[in-house]
1. At most 13 other Cβ atoms within 10 Å plus a DSSP loop assignment makes a site exposed; report the longest stretch of chain A without any exposed GluC sites (Glu not before Pro).
2. For the stretch B:18-81, just say rounded, prolate or oblate: build the C-alpha gyration tensor, square-root its eigenvalues into a ≥ b ≥ c, call rounded for a/c under 1.5, and beyond that prolate if a/b exceeds b/c, oblate if not.
3. Restricting the count to DSSP beta bridges whose residues both fall in the stretch B:2-209, what percent are antiparallel, rounded to a multiple of 5?
4. Can you give me the Rg/Rh ratio for the stretch B:2-209, using Cα atoms for both radii and the Kirkwood formula for Rh?
5. Rank the residues B:MET159, A:MET254, A:MET141 as a footprinting-exposure proxy: fewest other Cβ atoms within 10 Å of their Cβ go first.
6. Under 30 Å from the Cα of A:LYS217, which lysines turn up, not counting those fewer than eight places away in the same chain?
7. Looking at the stretch A:20-121, which chymotrypsin sites (Phe, Trp or Tyr not before Pro) are DSSP coil and have at most 16 other C-beta atoms within 10 Å of their C-beta?
8. Each residue of the stretch A:201-208 in turn: what ³J(HN,Hα) in whole Hz from Karplus with 6.51, -1.76, 1.60 and θ = phi - 60°, glycine and Pro shown as x?
Amino acid sequence: MILKFDLQAFVENKETLIVISLIFGILVFATLLFWIMGLVRPNANIGELKMRTKSWWMMATIFVVATVLDPVISFVAIGALSFMALREIASISKNVREEDRKILIWCYLAIPVQYLFAYYKHYGLFLTFIPIFMHLWIPFMLVLRGVTENIGRSMSVLPTQLMLTVFGVSHLAFLLSLPELEGFKAGGRGLLLFVVFITEMNDVFQFTWGKMFGRYKIIPKISPNKTWEGFIGGIITTTVVGYFLRFLTPFSGMEAIIICLSVAITGFIGDVVVSAIKRDVGMKDTGNTIPGHGGILDRIDSLALTAPVFFHIVYNLYYLK
Amino acid sequence: MKKATLFIVYSVIMRTVLKLFSGTKLIHKENLVYRGPCVIVGNHNSHLDTISIMAHLPLRQLAKTHPIAAGDYFGKSPFKAALTRFFVNAVLIPRSRPKEGETGPDPIQMMVQVLEKGDSLLLFPEGSRGEPEKFQKFKRGVGLVLEQCPDIPFIPIYMKGLGKILPKGDPVPVPFDSYMRIGTPIFPKGRTAEEIVSEVEQQIYMLKAEFD
């Protein structure tokens, strides 16, 4: 197996190039904006925003490099993301008992298996391995440990963590395994770029709209920053952006609107679900891997849900022949 | 030879393994850069405590830092003792001082000698490894050593998560996030051994509190 820079094919593929330029264009714009804001009003409280932008630079670069390089690297990179996310959620979870340590090894071992199924395009096993086989295996292993106190909790917590961090995220990788469609040049990479971009922009838009106009809170006990204004402003902006970026996808205009709405709403759901988990363990951010953003999980919480939703809509619309 | 081995084992291999396996994050690692002899103290939950501190020491200090290990455990056989001395750069000490009338090496004096030679110590005042994320009572040894060396500081370190990766009595490591928070060097000049021990304990508790 030879790893190669697929740079030529990448440069020829105008669609991805446009979006990548767009990503870095936005980052340049944000960096300049905050820099100027800092000059004009030195007292403005934008330290966090600056730190976030800096982290976005790093994440965008890693993401773009991992997508542009050989697919093997993309698979390894997305798998590593799953690993770090699972490790993070297992580390903060107080619902993981001491007896569950050994069971966690099984959860970690599921990661390479799941990504191998994705790499070898085995759709059936990819889809069933975690929801069916791991959901059978983990409770059985827990039973064999023989400690029944709180075992029911562990039986539901461990597979749920797997679903969120491995099953959900691995759909990003399977996008790269989709067969080529006639007349659709951007292919799996285009779809990957599209869903990640749309999801992350949705987070940013909901955050920005909420900061600027937010008044009416949706679920103050879980996520005090989530407001109706942010939510609605966010999904509309996301849908507009997605509509204009649909050249990365095989979608028609109407399809793009419906799919982007679903992604935006799903992203919100993922965000608040992970927020609730964090509240449960009394934590603001799930870790501090990414400066200004908290942990890995804080950044991919929405992605863990939007990836499978997006994938299955696209799969059923275009690839199920 | 030993210096090169320590460098490869800790600064290269162990640092990479820890980063990949548990994403070990150092907070205020600049505090580890202290030229001259010092006593590094930390909470103790895992064999990984020693390894991860060694893995993040600046190069010039690595070969000069000696973890303190219990002679009865790590020196069970001459072979194990030689291995521990070579690969961990450890100083093996008896767990208790000789009683009156007894002869034998005095662990406190052994540690003081290392410091007087210009080297540093790495020790865990809790003694043996405890349960993950829990503290045991700090022992007096560190106070007795620092009392005799008034110009030498201690550097407190609080480690989190390592005890979950490789706890006592379980040889299989499991990935968890881990953090090391390093405090500023503190000179306990002119204090009694008891005061120094409680100062050390308090410093590590304060580092822990910054996490919660």
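What follows draws every value from the coordinates through simple rules; no lab data is involved. Nothing here was measured: the structure is a model prediction, and the numbers come from that model. Here the Cβ positions follow ideal geometry from the backbone for every residue, glycine too, while neighbour counts run over all protein chains shown.
1. Values: sites that count: A:GLU149, A:GLU180, A:GLU182.
Answer from the scan: A:1-148.
2. Numbers: a/c = 2.16, a/b = 1.40, b/c = 1.55.
Cα axes put the stretch B:18-81 in the oblate bin.
3. The antiparallel fraction comes to roughly 25 percent.
4. So for the stretch B:2-209, dividing Rg by the Kirkwood Rh gives 0.94.
5. The order, fewest Cβ neighbours first, is A:MET254, A:MET141, B:MET159.
6. The reachable lysines, counting only those whose Cα sits under 30 Å from A:LYS217, are A:LYS50, A:LYS54, A:LYS94, A:LYS226, A:LYS278, A:LYS284.
7. Those satisfying the criteria are A:TYR120.
8. 5, 4, 4, 5, 5, 4, 4, 5
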